[in-house]
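> The structure is given below, and queries will be raised subsequently.
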Amino acid sequence: MTAVLAVQDLHVAIGPRGKAANVLRGASLEVQAGEVRGLVGESGAGKSMLGRAVLGLLPANAVVQSGTIQFEGRDLLAMPEPERRSLLGRRIALIPQDPMTSLNPVKRVGAQISIMLRHHLALSKREALERATELLTEVAIREPRRVLDLYPHEISGGMRQRVLIAMAFACDPSLVIADEPTTALDVTVQRQVLQLVERLRQRHGAAILFVTHDLGVVAKICRTMTVLHAGRVLEDGETADVLVKPRHPYTRALLAATPRADRPAEALRPVPPALIESLWSEAHRLDRLAVAGPA
Amino acid sequence: MRWGEIIRRLVLIPPTLFGVCIIVFVLLRVVPGDPIAMMIPPGASAADIDRLRAFYGLDQSIPQQFITWFGQALSGNFGRSISLHQSVFELVLARLPATLELSAMATLIAVGLGTVVAFTGVYVRGRGAEWAIDGGIGVFLAIPDFLWALILLLLFGVLIPLLPITGRIDPQLDVTFHTNFYLIESLLTGRLDVASALLQHMILPAVALALPFAALVARILKASLSEAEDQDYAQIARARGFSRPAILLREVFPNALIPTVALGGVQITLLLGGTVLVERIFSYEGIGNMAIDAVINRDFPLIQGLILTFAILFIALNLAVDLLVTLLDPRLRHG
Ligand SMILES: Nc1ncnc2c1ncn2[C@@H]1O[C@H](COP(=O)(O)OP(=O)(O)OP(=O)(O)O)[C@@H](O)[C@H]1O
Ligand SMILES: [Mg+2]
């Protein structure tokens, strides 16, 4: 069976030609149908860039140097633009990080949901409204009809994130990329939103690539996980295995830096700077090798 | 909150106009130049001059004159023009529609042109063509409207005589109008030949007024579109499979419109001010042209009436812009 998403040896550089920085240095990962995969790593590891590359949202000054991104067996990078656009939003969806800036401030919630339904599913105005109401009910928004008529600034951050989650699942995608969907929310709302994502995933049968800093969240909802550092995969496997028997010193350090209920707080240790330092210099050494090439 | 602001602005209108009246009234009378000196025939006696001064009330003190004029103005009597011997109110009212039609036409052209240029500029963002468009906008911003008027007049009136270069309509054309909104009236009554003649007269001065304003609209709108396109919601629309033109039009434009109307809208007052010179250059019979004659003749009552008219137009425009911004931005409507 082919994976829903297969990223292979992806190299992405960003910045002006000549002094571009490598943000992905041969990253590979697979997400199987219906699987929830956690993507973890420290800030700047390239997690968001990986997600953006799949969604075609790389910044204008970024280039994919090599590698493939296959969605259900088809290479997203090689496919013609209109075909890719017909997949985005319909088969591949996004739950963004910041609900405060991710909705259009001058358009009503209902208009923002229905324009997507009409675009991808060719629904009529009436049908789109019906479907939008159902979707809001599904994400546990009371009085959905009233909320459809509101502008984003009239609803809370948690409610906005629910709307965005509803939009992500609106066309029954087979892959949802969630880039830290809860970091902008306060703790109580975070839990509800996570449960919601999990419930919708089960109902719609989507696979999720869940980008997060939070190993606790990974342990709770991700069956598999990938540890990214300096644009390269350090560890990949069943969450239980990786968390219990981390093979890479970086993963062990990340775990030691994560608070856990069964451990006293003083046992917390930050990731040793020396380790990060050595990993980065290793990354840069490999970069230079690549540039020198197999002469 | 927002409505409170608008009410505050409404309340401030009368004192603003009063201030304008005082400043204009006093300035006219302390600056050298005397309306009577401009109208007397050579060889008039000192007694004749004194009689004329008394007739127009110019022998009284400035505060006295102001009180008289202001009292009459409150009851709708803005005095009689010294040079044209007619009621200022009627004179201005008869000429105002010509200027309003011209300015509206110029605004339409400017907004249309500016919008097309702004969208083109944003669409080619980050490429060489963007530089070319920015440079072009800069050039058009730097050339003032009266210079365009002269260039257009020489180009299409003299070098390639395609279009009429004087007046509002051919004097030999025998048409009667019920209002002074000639263009609007002829369009509404279906007299298309007349409308076309009016448009031919209007197009050169309108374009001259429009070009600098179009550049301004293009610059503000392009910057606003670029900024809005970088926002999360526009980026996310890309990840939902919408094409770039669709995103620019449906997601980005409604947002970019808000700062554009707020910043560009008030600049229509510059365009209105531009009518003074441009109408003069094309001998177009509007209040701008009339203002120049009034100043040359030191026609105090007419100057006062005209400046008051411009002031009212400016205030109305600012208010209209504020209302429009409130309508465009739901955050202000509910805020
Ligand atoms: N627009 C940009 N221009 C230049 N460099 C960028 C840009 N965006 C990101 N980067 C760089 O790319 C690298 C990877 O960034 P990315 O956003 O993928 O990190 P991340 O793993 O998502 O981090 P975080 O956990 O903080 O979100 C970082 O080193 C960052 O500095
Ligand atoms: Mg990130």
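> So how strong a dipole does chain B carry about its Cα centre when Lys and Arg Cβ are +1 and Asp and Glu Cβ are -1, to the nearest 20 debye?
780 debye
> From Cα coordinates alone, what are the radius of gyration and Dmax values for the protein assembly as shown in angstrom?
In Å, with Rg to one decimal and Dmax whole: 34.6, 116.
> Just checking the output field for B:245-254: average partner chain Cβ neighbours within 10 Å of each residue's Cβ?
Partner Cβ neighbours, averaged per residue: 2.
> Given a Förster radius of 25 Å and the C-beta distance between residue B:155 and residue B:196 as r, what FRET efficiency does 1/(1 + (r/R0)^6) yield to the nearest 0.05?
So the FRET efficiency works out to roughly 0.75.
> Tell me what chain B gives for mean residue ellipticity at 222 nm when only DSSP H runs of n ≥ 4 count, each as -39,500 (n - 2.57), the sum divided by the residue total, rounded to 500 deg cm²/dmol.
When only DSSP H runs of four or more count, the value is -24000 deg cm²/dmol.
> Mind putting a number on the dipole of chain A about its Cα centre? Charges go on the C-beta only, +1 for Lys and Arg and -1 for Asp and Glu, and I need it in Debye to the nearest 20.
Using Cβ point charges on Lys, Arg, Asp and Glu, chain A gives about 420 debye.
> While we're here: In whole Å, how far is the Cα centre of region B:75-134 from that of region B:225-303?
One Cα centre to the other: 9 Å.
> Could you quote the convex hull projected area for region B:94-333, Cα atoms only and averaged over all directions, in nm²?
That works out to 16.2 nm², a quarter of the Cα hull's surface.
> Among A:37, A:84, A:142, which one shows the highest mean-square fluctuation when chain A is modelled as a Gaussian network with alpha-carbon springs under 10 Å?
Of A:37, A:84, A:142, the Gaussian network model singles out A:142 as fluctuating most.
> Name the long-range amide H neighbours of residue A:33: under 5 Å, sequence gap of 5 or more, or other chain; modelled H, no Pro or chain starts.
Close amide H contacts, sequence-distant or interchain: A:4.
> Pick out, from B:143, B:228, B:60, the residue whose Cα sits farthest towards the positive end of the charge dipole of chain B, with +1 on the Cβ of Lys and Arg and -1 on the Cβ of Asp and Glu.
Value: B:228.
> Amide H of residue A:236 versus every other amide H placed in the peptide plane: which residues, excluding those fewer than 5 positions away on the same chain, fall under 5 Å?
It is A:227, by chain and number.
> Here is a further query. I'd like to know how region B:3-74 sits against the 2.2 N^0.38 Å rule of thumb: what's its Cα Rg over that expected value?
Its radius of gyration relative to the 2.2 N^0.38 Å reference: 1.56.
> Determine the distance separating the Cα centre of region B:3-73 from the Cα centre of region A:81-153; give it in Å without decimals.
Cα centres, region B:3-73 to region A:81-153: 63 Å.
> Can you list the HN-Hα couplings for region B:274-289, worked out from phi with the Karplus curve (6.51, -1.76, 1.60; θ = phi - 60°), rounded to whole Hz and with x for Gly and Pro?
Taking θ as phi minus 60°, the curve returns x, 4, 4, 6, 5, 4, 4, 4, 9, 6, 7, 7, x, 6, x, 4 Hz for region B:274-289.
> Shifting gears a bit: With only Lys, Arg, Asp and Glu charged, each at its Cβ (+1 for the first two, -1 for the last two), find how big the charge dipole of region A:172-240 is about the Cα centre; round to the nearest 20 debye.
220 debye
> Would you mind getting me the FRET efficiency between residue B:83 and residue B:163? Use the beta-carbon distance for r and R0 = 41 Å, nearest 0.05.
E(calc), rounded to 0.05, equals 0.85.
> Ordered by residue, what ³J(HN,Hα) values in Hz, to whole numbers, does region A:36-46 give under the Karplus form 6.51 cos²θ - 1.76 cosθ + 1.60, where θ = phi - 60° and Gly and Pro are x?
Whole-Hz 3J(HN,Hα) from phi for region A:36-46: 10, 10, x, 10, 10, x, 6, 4, x, 5, x.
> Something else now. Of the candidates A:188, A:239, A:137, which one comes out as most mobile in a Gaussian network treatment of chain A with C-alpha springs shorter than 10 Å?
A:188
> Positive end of the dipole of chain A, charges at C-beta (+1 Lys, Arg; -1 Asp, Glu), about the Cα centre: which of A:256, A:278, A:217 has its Cα farthest in that direction?
Working it through, the farthest residue towards the positive pole turns out to be A:217.
> Another question, if that's okay. Between B:136, B:288, B:167, which gets the highest mean-square fluctuation from a Gaussian network model of chain B, Cα cutoff 10 Å?
B:136
> Let me ask you something else. With an 8 Å Cα cut-off and a minimum separation of 6 or more residues, compute the relative contact order for region B:94-333 in percent.
28 percent
> Among all lysine pairs in the protein assembly as shown that are eight or more places apart or on different chains, how many have alpha carbons less than 27 angstrom apart?
So the count works out to 6.
> Can you pull the percent of Cα pairs in region A:99-170 with separation above 19 Å?
Everything past 19 Å amounts to 21 percent.
> Same structure again: Residue A:26's amide H: which non-local residues (gap 5+, or another chain) put their own amide H closer than 5 Å, with H modeled 1.01 Å from N in plane and none for Pro or chain starts?
Sorted by chain and number, the residues that satisfy this are A:10, A:11, A:12.
> How large are Rg and Dmax for region B:96-204 when calculated on the C-alpha trace, in angstrom?
Rg and Dmax of region B:96-204, Cα atoms, are 17.6, 56 Å.
> Additional query: Which whole-Hz couplings ³J(HN,Hα) result when phi for each residue of region B:83-99 is put into the Karplus expression 6.51 cos²θ - 1.76 cosθ + 1.60, θ = phi - 60°, listed in order with x for Gly and Pro?
8, 9, 6, 9, 5, 4, 4, 5, 4, 5, 4, 6, 8, 4, x, 4, 5
> Relative to the compact-globule scaling 2.2 N^0.38 Å, provide the ratio for the alpha-carbon radius of gyration of chain A.
Dividing the Cα Rg of chain A by 2.2 N^0.38 Å gives 1.05.
Only the coordinates and a few stated rules stand behind these numbers; no lab work does. Because the structure is a prediction, the values reported are computed rather than measured. Note that each Cβ is placed from the backbone with ideal geometry, even for glycine, and that neighbours are counted across all protein chains shown.
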